[in-house]
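> There's a structure below that I have some questions on.
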Amino acid sequence: MTEIDTSKTSREFDAEIARLIGWKLIPDPQYHTLGGAMFAVLPSGEKRFMWHLKENVYSGEKRWSPTYDIAAAFDVVEQMSTRFWFLGLRRHIGEWEAYFTLPINDPDFNTQQFGACAISAPLAICRAAYAALPK
């Protein structure tokens, strides 16, 4: 099992997940009058707001955070599915368990599977994706 650094902040782990699923991180110093913002840019060119560049700035804008928000976590699931990974998710002994399974084309129907547990489903999904994807 891949060791996951749980000391990273949500912001750092969100950024790492965005990079692993193939999104670029681009700062926009001209964004708003609040000192700029960081965006995740999808291969299609669509941008997702991640955070303000200045500390302790809040604009009320919804932040893309796959470790916190289930809708953003499913952006990760969608990206994983384009690589033929399948998600399994269940509640297990007070935690969420997520795992990604990759079928291997062989006569014995073998698979690769990577999983992780967390207190929330979005965080478990991100930890499992982190374990499954090459760094």
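The values are calculated or read from the model by the stated rules, or taken from the named source; none is laboratory data. Just so we're clear, the structure is a prediction, and the values are computed from it rather than from any experiment. Cβ coordinates were reconstructed from backbone atoms using ideal geometry, including for glycine residues, and neighbour counts include every protein chain displayed.
> Out of segment 40-55, which residues are at pLDDT 85 or above, at negative phi and either of a type in the set (S, T, N, Q) or not in a strand (DSSP E or B) (or both)? Show your work before the answer.
Narrowing segment 40-55 to residues at pLDDT 85 or above: 40-50.
Filter once more, keeping what is at negative phi: 40-44, 46-50.
Within segment 40-55, Leu42, Pro43, Ser44, Glu46 meet the criteria.
> Moving to a separate point now. If you go through segment 78-104 one residue at a time, how many are part of a strand (DSSP E or B) and either under 27 Å from Leu42 (Cα atoms) or among the charged types (D, E, K, R) (or both)?
Step one: filter segment 78-104 for residues part of a strand (DSSP E or B), giving 86-92, 95-103.
Subsequent filtering for residues that are either under 27 Å from Leu42 (Cα atoms) or among the charged types (D, E, K, R) (or both) retains 86-91, 95, 97-103.
Number satisfying all stated conditions: 14.
> Also: From the residues in segment 62-77 that are surrounded by 14 or more Cβ atoms within 10 Å (Cβ to Cβ) and either among the charged types (D, E, K, R) or in a loop (DSSP other than H, G, I, E, B) (or both), which one is farthest from the chain's Cα centre (by Cα)?
It comes out as Arg63.
> Give me the residue from segment 100-126 that is more than 22 Å from Ala71 (Cβ to Cβ) and among the aromatic types (Phe, Trp, Tyr) and, out of that set, farthest from the chain's Cα centre (by Cα). Quick ask: steps written out before the conclusion?
Within segment 100-126, the subset more than 22 Å from Ala71 (Cβ to Cβ) is 101-114.
Of the ones still in play, those that are also among the aromatic types (Phe, Trp, Tyr) are 109, 114.
On the way: Phe109: 28, Phe114: 15 Å.
Residue satisfying both the conditions and the ranking: Phe109.
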